[in-house]
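This report refers to the structure that appears directly beneath it.
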Amino acid sequence: MVTLTAIVAPMGRQLYRQFAKHARGQRWIPVRRCNLSACSSKYVLSQVHPMWQGPLAVPGGDRQSPINIAVRKSVFDPQLKPLTFQYDPRTCQQIWNNGYSFLVEYDDTTDKSTLSGGPLEDRYRLCQFHFHWGESNAWGSEHTVDRRVFPAELHLVHWNADKYSLFEEAVMEENGLAVIGVFLKVGKRHEGLQKLVDALPTVRHKDSVVEFTKFDPACLLPTNTENYWTYAGSLTTPPLTESVSWIVMKQPIEVSHDQLAVFRSLLFTSAEEEVQKSMVNNFRVQQPLRGRTVRSSFTPFLQEAPQDSQTPSAGGPQAGHVH
């Protein structure tokens, strides 16, 4: 992405306001109750989907995501509280291939599935979760740790139900969203994930939706949820609004190569399209930190950073995620 200089920053902020205003008028009646509007907006995706090609209107802000997490530059914050997950599997509703990823969507009309604690002052309702992944095990995650990359990354998307009445409102506002990021590494089969993997062939094509119930998202969290990094960021898909409190888990979860292969068997395209495109490399390039502080709930000098990524360091496809 082009870095905005101080000269064009005011112009960027104006474009951001115009984009936000336009987005409100364009999109904020979701097809289904709980969407990541950033992913589901056909108006926006038509310009950039599927590989971030072509022009893209970027908000002129200083807190874009994803970023590289430099472990030794992160700041230990002893005030960071433990996270509290209260997920009710009965709120799980469906899987939807939206043409960029697949979303597992939850009923967010009540406080039955919520996130609180950590860096958050309010209670956030789980809306959906989705993944980003690469065409091979060599890259795929959006965030990196000391430039090391993982083959995939899970995002659990929550919105601030204490301050806002709808997800569509929260996505545009300060402290509106909280997203848990979890790295995936290749190893043994993940038993909790397998129920989802088994259902994915039914949403192979874009716009496919199937009922999917009684799935506990807590099974996708690492065993250690006390160690995490947190920073102020943005959505990683248009409209890229800077409303996200990011919480990135230090410990990855293990999934098998075969499970990731099912992710890659999905398609960006609908059944009617003549040319079918594999759903791979659905991540955004990394963004500059721009003076932000990445806080950690643990002391980085006393604990090792994740050493179990699957790829080379910054020289390979991970560097800037250019494809």
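What net charge do the residues around residue 278 carry, taking every other residue with its C-beta under 14 Å from that of residue 278, with Lys and Arg at +1 and Asp and Glu at -1? Write down the numbers at each step before the final one.
On the way: positive: 204, 206, 264, 277; negative: 135, 273.
Taking every other residue near residue 278 into account, the sum is +2.
Among 159, 229, a tally of other beta-carbon atoms within 10 Å of each Cβ gives an order, fewest to most, of 229, 159. Computed from label points 7 Å out along Cα-Cβ, the spacing between residue 226 and residue 90 is 3.2 nm. Ranked for footprinting exposure by Cβ neighbours inside 10 Å, fewest first, 255, 275 give 275, 255.
As a quick test, which of the pairs 185/277; 214/277; 185/214; 81/250; 195/250 have an alpha carbon distance above 27 angstrom in this structure?
Numbers: 185/277 25 Å; 214/277 31 Å; 185/214 25 Å; 81/250 15 Å; 195/250 25 Å.
Flagged as over cut-off: 214/277.
What ranking do 113, 296 get, fewest neighbouring Cβ atoms within 10 angstrom at the top?
Working: 113 25, 296 21.
Lowest count first: 296, 113.
Taking amide H positions as modeled 1.01 Å from N, with prolines and chain starts lacking one, the residues under 5 Å from residue 114 and 5 or more places away or on another chain are 86, 87, 88, 126.
Summing charges over all other residues whose Cβ lies under 12 Å from the Cβ of residue 124, with Lys and Arg as +1 and Asp and Glu as -1, gives -2.
May I ask for the net charge around residue 231, where only other residues with Cβ less than 9 Å from the Cβ of residue 231 are counted and Lys, Arg are +1 while Asp, Glu are -1? Write out the running numbers ahead of the final one.
Numbers: positive: 63, 292, 295; negative: none.
Residues near residue 231 contribute +3 overall.
A short reminder: the numbers here are calculations on the coordinates, not readings from a lab. Just so you know, these numbers come straight off a predicted model, no measurement behind them. Cβ sites come from the backbone with ideal geometry, for glycine too, and all protein chains shown count toward neighbours.
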